[in-house]
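Trainee: Okay, here's the structure, questions in a sec.
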């Protein structure tokens, strides 16, 4: 499934991982199959320390069968507590930069997992 594009390249998922053509997938030709109509909705989520996980879970409950990918960042008081597993041959969808946990096409469940692993008072 194509979930985005960056310049001439596509960001795709197979339901297991996220990949970018030209980086994790070298293509010479892209062929697609018409499926169900996709709907892209952009939402800005703003929340306080204790509300981060609740806000993400509410989004998940509002769209229970949707594939949701996050772009953006959370400010984390103790970024060294965030453990991001290295997934070979996949696009990096979550990273730490300074005190920010940055998301780039990060699946919602994965983002909730990162936020849930932190003590409630360590997210702003």
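Trainee: At 4 °C and 1.567 mPa s, grab the translational diffusion coefficient of the stretch 2-64 from Stokes-Einstein with a Kirkwood Rh over Cα pairs, rounded to a whole number in µm² per second.
Mentor: Diffusion coefficient, whole number: 89 µm²/s.
Trainee: In degrees from 0 to 90, rounded to the nearest 10, what is the angle of the helix 52-62 Cα long axis to the longest principal axis of the chain?
Mentor: Around 40 degrees separate the two axes.
Trainee: Give the relative contact order (percent, whole number) for the chain; include only Cα pairs under 8 Å separated by 6+ residues.
Mentor: Reported relative contact order: 27 percent.
Trainee: Normalised by the empirical 2.2 N^0.38 Å for globular proteins, what value does the Cα Rg of the stretch 29-82 take?
Mentor: Relative to the rule-of-thumb radius for its length, the stretch 29-82 sits at 1.56.
Trainee: Turning to a different aspect of this structure: Grab the Cα-Cα distance for residue 14 and residue 37, subtract it from 0.36 nm times how many residues apart they are, and report the gain in nm with one decimal.
Mentor: 6.6 nm
Trainee: Among 27, 93, 13, which one moves the most in a GNM of the chain with springs linking Cα atoms closer than 10 Å?
Mentor: 27
Trainee: If you compute Rg and Dmax of the Cα atoms in Å for the structure shown, which of (i) 27.5, 97; (ii) 15.5, 48; (iii) 14.3, 43 do you land on?
Mentor: Evaluating Rg and Dmax of the Cα atoms in Å on these atoms matches (ii).
Rule-based calculations on the coordinates, nothing more; no lab input. The shown structure was predicted, so the numbers you read here are calculated from the model rather than taken from an experiment.
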